[in-house]
Structures are given as structure tokens and as C-alpha cells.
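The values are calculated or read from the model by the stated rules, or taken from the named source; none is laboratory data. Note that the coordinates shown come from a computational prediction; the quantities given were computed from them, not determined experimentally. Counting neighbours? That spans all protein chains shown, and the Cβs are built from the backbone with ideal geometry, glycine included.
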Amino acid sequence: MGKNCILCQVIRGELPSYKVYEDEKIVGILDINPITKGHCLIIPKQHRVWFTDLVSGEAGPFFKAVWTVSKQLKKAFNAQYVTLLIRGTRIPHLHAHLVPSIKGELSATDRILDLLQYVQENQKSVVKPSEFKRIAKLIRATNP
């Protein structure tokens, strides 16, 4: 674990948190700067910066926790859906944001994703139609 990593400090109990989930590999906490009620972070206990830094056997428990807490959020808040964003930037420790979309409330996440959808639908594609086949083949042929 990272000595100065704020999420590692939370995991070690050095900083306060509001846990919503915990097993031997993962912890889920309420975000202290929530976008909506119930906004949670799912965090591996092992210090990993990026999602792709997870080693074999860690992705399954991570996504099980994401799925479990998402189902809980959907039910607890009668949410239409739960947005999943996986990060490792601002805080250099992998964490998944789970943001419930609560009926009647428009969150910043909903607004940002609406803007993203608008941009995707209205920008000139960064990939030429003739490139899709080559790109798909490249990805399939690359070992993880």
C-alpha cells in the first residue's frame, strides 16, 4: 500500500470513512464529495493505480463489489440506473465511482455524460470507416 496514498490511508483505518461494502480484497465507501446521494467508491485494498494494473484474480472480486453495491444503490434510492466510472487519476489509486441516477434529480455526472453523447453524435469521427476492421484485428491479436 502507498504510504501517502489517501485511499490506502482510508483502507488502513487512518482516515475516517463510511463503509458500504467490505470483503478481503475490496472496500466500498461513500464519496466524501458526492455528486448525488449514495455516490460510492469501490477500491481494491491492494494499491493499484490503474485498472490495467490489477493482476490475475483481482478483476473478478473488484467487479463483484461494483455489481453488488450498484444493485444496492439502485434499490436503496429507487435509482433509474447507476453510472460506473473507473478512475486512477486525481487520486492515484484505482477507484470506481458508482453514481446513482435518482429520479427527479439531474446530477453533474448525468450532465457530463449527456454532453459526451452530444459530442459523440456531432463531431467528425476520429476513425475513418476504412480503419475499423484493422483496429478490431489489432486489438484481437494483442495479448493482454
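When segment 109-133 is filtered for residues that are surrounded by 11 or more Cβ atoms within 10 Å (Cβ to Cβ) and hydrophobic (A, V, I, L, M, F, W, C), the ones remaining, listed by number, are ILE112, LEU113, PHE132. Residue-level check: of (1) touching a strand residue (DSSP E or B) at 6+ places or on another chain (Cβ under 7 Å); (2) modelled with pLDDT under 95; (3) outside any loop (DSSP other than H, G, I, E, B), LEU41 misses just (2). Exactly one condition in (1) outside any loop (DSSP other than H, G, I, E, B); (2) closer than 28 Å to ILE112 by Cα is not met by GLN9; state its number. Among (1) outside any loop (DSSP other than H, G, I, E, B); (2) closer than 28 Å to ILE112 by Cα, GLN9 violates only (2).
Would you confirm whether or not segment 120-141 contains a residue that is part of a strand (DSSP E or B) and at pLDDT 85 or above? Looking through segment 120-141, none of the residues is part of a strand (DSSP E or B) and at pLDDT 85 or above. Are there any pairs, at least 6 apart or on different chains, whose C-beta atoms fall under 9 Å, with the first in segment 1-29 and within 23 Å of THR89 (Cβ to Cβ) and the second of a type in the set (Ser, Thr, Tyr) and not in a loop (DSSP other than H, G, I, E, B), and if so, which? Filtered contacts from segment 1-29: TYR21/THR68; VAL27/TYR21; GLY28/TYR21; GLY28/THR68; ILE29/TYR21.
I need the full set of residues from segment 51-97 which are charged (D, E, K, R), assigned to a helix (DSSP H, G or I) and over 20 Å from TYR18 (Cα atoms), in order please. I'd like the intermediate steps shown before the answer.
Going through segment 51-97, the residues charged (D, E, K, R) turn out to be 53, 58, 64, 71, 74-75, 87, 90.
Those left that are additionally assigned to a helix (DSSP H, G or I): 53, 64, 71, 74-75.
Correct list: ASP53 only.
Only one of PRO144, PRO100 is assigned to a loop (DSSP other than H, G, I, E, B) and touching a Ser or Thr at 6+ places or on another chain (Cβ under 9 Å); which? Explain how you work it out, then say what you get.
On the way: PRO100 fails: assigned to a loop (DSSP other than H, G, I, E, B).
None of the other options fit; the residue is PRO144.
Reported count of residues in segment 23-52, each being farther than 17 Å from LEU98 by Cβ and exposed (fewer than 14 other Cβ atoms within 10 Å of the Cβ), is 3. In segment 110-137, the residues that are over 30 Å from ILE35 (Cα atoms) and without any contact (Cβ under 8 Å) to a residue 60 or more places away in the chain never reach a residue that is aromatic (Phe, Trp, Tyr) and surrounded by 10 or more Cβ atoms within 10 Å (Cβ to Cβ) with C-beta atoms less than 6 angstrom apart, at least six apart or across chains.
Restricting attention to segment 62-90, the residues that are surrounded by fewer than 16 Cβ atoms within 10 Å (Cβ to Cβ) and aliphatic (A, V, I, L, M) total 4.
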